[in-house]
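Peer 1: The structure follows.
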Amino acid sequence: MLGKESLMAFIATANPEACRRFYANTLELTNTEDSPFALEFSVNGTKIRIQKVETLSFVPYTVLGWQVENIAETVRYLTGRGVSFLQFESMPQDELGIWTSPGNAQVAWFKDPDGNTLSLTQRS
């Protein structure tokens with residue numbers, strides 16, 4: 001039943017202004033709402049609703065990700081816009097911060113202003 005409905009993703013922010021600038025200006029997403037309760041962005045037909053909260057609980061895993069056609073090109077572009085990609089000692093990553101999984105998918109991680117972990121994935 002829900003497989004034919006539109007999907008909406010949810011994350012949270014304790015710093016709405018920095019969050020809005022990051023998602024709208026740095027990531028170049030279309031900001032479709034800025035209410036007292038949430039920011040909303042449109043991403044290729046999917047809505048990301050960023051709830052405005054007083055405090056944010058840190059989670060040590062990816063909360064939102066994009067599947068991209070060319071991860072190296074996307075990482076370079078975002079790096080040029082001020083995004084820093086994460087390096088993890090426990091996994092072999094290239095100089096751009098891209099890790100190749102055992103299944104050959106390539107993944108890179110970065111954080112938004114609230115410390116939410118976001119990712120890029122290129123499937124082979």
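The values are calculated or read from the model by the stated rules, or taken from the named source; none is laboratory data. If you're wondering where the values come from, they're calculated on a predicted model, not measured in any experiment. Cβ placement follows ideal geometry from the backbone for every residue including glycine, while neighbour counts extend to all protein chains displayed.
Peer 1: Given the stretch 1-51, what strands (runs of 3 or more DSSP E) lie entirely inside it while holding 3 or more residues that are aliphatic (A, V, I, L, M)?
Peer 2: Working: elements: 8-13, 30-34, 38-43.
Hits in the stretch 1-51: 8-13, 38-43.
Peer 1: So, of the residues in the stretch 1-30 that are surrounded by 14 or more Cβ atoms within 10 Å (Cβ to Cβ) and of a type in the set (S, T, N, Q), which turns out to be nearest to THR79 (Cα to Cα)?
Peer 2: THR26
Peer 1: I need every pair where a residue in the stretch 13-42 that is assigned by TED's automatic domain parsing to the domain that holds SER84 has its Cβ under 7 Å from the Cβ of a residue that is in a helix (DSSP H, G or I), sequence separation at least 6 or different chains.
Peer 2: none
Peer 1: Mind checking which residues of the stretch 1-56 are hydroxyl-bearing (Ser, Thr, Tyr) and either farther than 20 Å from GLN67 by Cα or touching a Pro at 6+ places or on another chain (Cβ under 8 Å) (or both)? Before the answer, list the steps.
Peer 2: Residues of the stretch 1-56 hydroxyl-bearing (Ser, Thr, Tyr): 6, 13, 23, 26, 30, 32, 35, 42, 46, 55.
Of everything in the stretch 1-56, those that are hydroxyl-bearing (Ser, Thr, Tyr) and either farther than 20 Å from GLN67 by Cα or touching a Pro at 6+ places or on another chain (Cβ under 8 Å) (or both) turn out to be THR13, THR32, SER35, THR55.
Peer 1: Of ALA18, ALA14, which residue is over 18 Å from GLY82 (Cα atoms) and aliphatic (A, V, I, L, M)? Outline the logic, then answer.
Peer 2: On the way: ALA18 fails: over 18 Å from GLY82 (Cα atoms).
Going through ALA18, ALA14 in turn, just one is over 18 Å from GLY82 (Cα atoms) and aliphatic (A, V, I, L, M): ALA14.
Peer 1: Please specify each residue of the stretch 107-124 satisfying the condition of being aliphatic (A, V, I, L, M) and under 11 Å from the mean Cα position of the chain (by Cα). Lay out the reasoning, then the answer.
Peer 2: So the first thing to find is which residues in the stretch 107-124 are aliphatic (A, V, I, L, M), and the list is 107-108, 118, 120.
Passing the criteria: ALA108, LEU118, LEU120.
Peer 1: Taking PHE85 as the residue in question, decide whether it is under 11 Å from ALA12 (Cα atoms) and in contact with a Gly (Cβ under 8 Å, 6 or more places away or on another chain).
Peer 2: For PHE85, the condition - under 11 Å from ALA12 (Cα atoms) and in contact with a Gly (Cβ under 8 Å, 6 or more places away or on another chain) - is not met.
Peer 1: Residue by residue through the stretch 68-108, note down the ones that are hydroxyl-bearing (Ser, Thr, Tyr), within 21 Å of GLU28 (Cβ to Cβ) and surrounded by 11 or more Cβ atoms within 10 Å (Cβ to Cβ). Steps first, answer last, please.
Peer 2: Looking only at the stretch 68-108, we keep the residues that are hydroxyl-bearing (Ser, Thr, Tyr), and these are 74, 77, 79, 84, 90, 100-101.
If we keep only those that are within 21 Å of GLU28 (Cβ to Cβ) too, we end up with 74, 77, 79, 84.
The answer is THR74, TYR77, THR79.
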